[in-house]
Amino acid sequence: MIFSYSRLSLYETCPFRFKKKYVDGYEEIETLPLALGKGVHKAAEERLQGAMLEDSLISGFIEANFHPDLQKDEMARLVAKVPVKRLEKRVLEIEKHFQLPLAQTLNAPIIQGYIDLLTKDGCLYDWKTNRVPYDVTSNHQMGLYAWAVSQIFGYDTVIATLSFLRFRKEDKFKYTRREMEISRKWAYDLAIEIDMKVKEVMIFPKLEMDIFEPNPSSRCGTCPFAIECYYKDQKRSIKQIQ
Ligand code: SF4
């Protein structure tokens, strides 16, 4: 399996949901926030390449598969807040894809990702459409992306910025090799754990819930596997009591 920050993060949130989605390959229905994020990212990409706002919005709608609840006004408001003027002269790469081994060992897990914007002076930007801003260091996404940039370009420090478009608010952090290594290690340890569990569940498929344990949280409300999870977990609890 090729890992990504969002896959690892989903595993951390709920191993059973991760298993259903990425091991068994069940699709999750695209939610409005996800479609909005996809559309805005595509439009932002085109704006930074010189496209007019209106044209970029059309590309955004196509990218979001014309999600029925997607509002043009909302998307336009968010895309208009991408700081194109301030950043266009510094652009090195837009939507930079990386795919790297997480260690220098044979068969090390591979991680991939897309960096929304990489500047000539070694800064990276990630556009966020969230309704609640958060601290850039509150998870490992930017630490991992900074590590990837440092691997590719040999930088000792990388400044990563989360740009919360809704609020015109930016949160940035200067990652040194030490912080990047913490995020790499986080990703490496989780990827190794997942790889082991995938092998284990192939041998013992009936133990899927013991191997990939459900982790109920406020996110269960949007989980497409909730019914299966509930019934299987009930059966498992009864067996454990017996
Ligand atoms: S319902 Fe909740 S606990 Fe069950 S798989 Fe979904 S997110 Fe995990």
Open item on the list: Tell me whether the stretch 119-140 contains one or more residues that are open to solvent by 70 Å² or more (accessible area, probe 1.4 Å) and over 30 Å from residue 16 (Cβ atoms).
Closed with: yes
Task: Members of the stretch 50-98 that are on the phi > 0 side of the Ramachandran plot and in contact with a His (Cβ under 9 Å, 6 or more places away or on another chain) - done: 95
TODO: Select the helices (runs of 4 or more DSSP H) contained entirely in the stretch 1-63, then report the ones holding at least 1 residues which are more than 16 Å from the ligand (Cβ to nearest atom) and surrounded by fewer than 18 Cβ atoms within 10 Å (Cβ to Cβ).
DONE: 32-48, 53-63
Task: Condition met for residue 87 (out of contact with any Phe, Trp or Tyr (no Cβ under 8 Å at 6 or more places or on another chain), in a helix (DSSP H, G or I) and in contact (Cβ under 8 Å) with a residue 24 or more places away in the chain) - done: no
Open item on the list: Quick check on my filter: what residues within the stretch 64-84 are open to solvent by less than 90 Å² (accessible area, probe 1.4 Å) and outside any loop (DSSP other than H, G, I, E, B)?
Closed with: 74, 75, 76, 78, 79, 80, 84
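The values are calculated or read from the model by the stated rules, or taken from the named source; none is laboratory data. From a predicted model like this one, the values you see are computed outputs, not experimental measurements. We place every Cβ from the backbone using ideal geometry, glycine too, and count neighbours over all the protein chains shown. We work out accessible area using only protein heavy atoms, side chains counted, and drop any ligands, DNA or RNA first. Shrake-Rupley method; radii C 1.70, N 1.55, O 1.52, S 1.80 Å.
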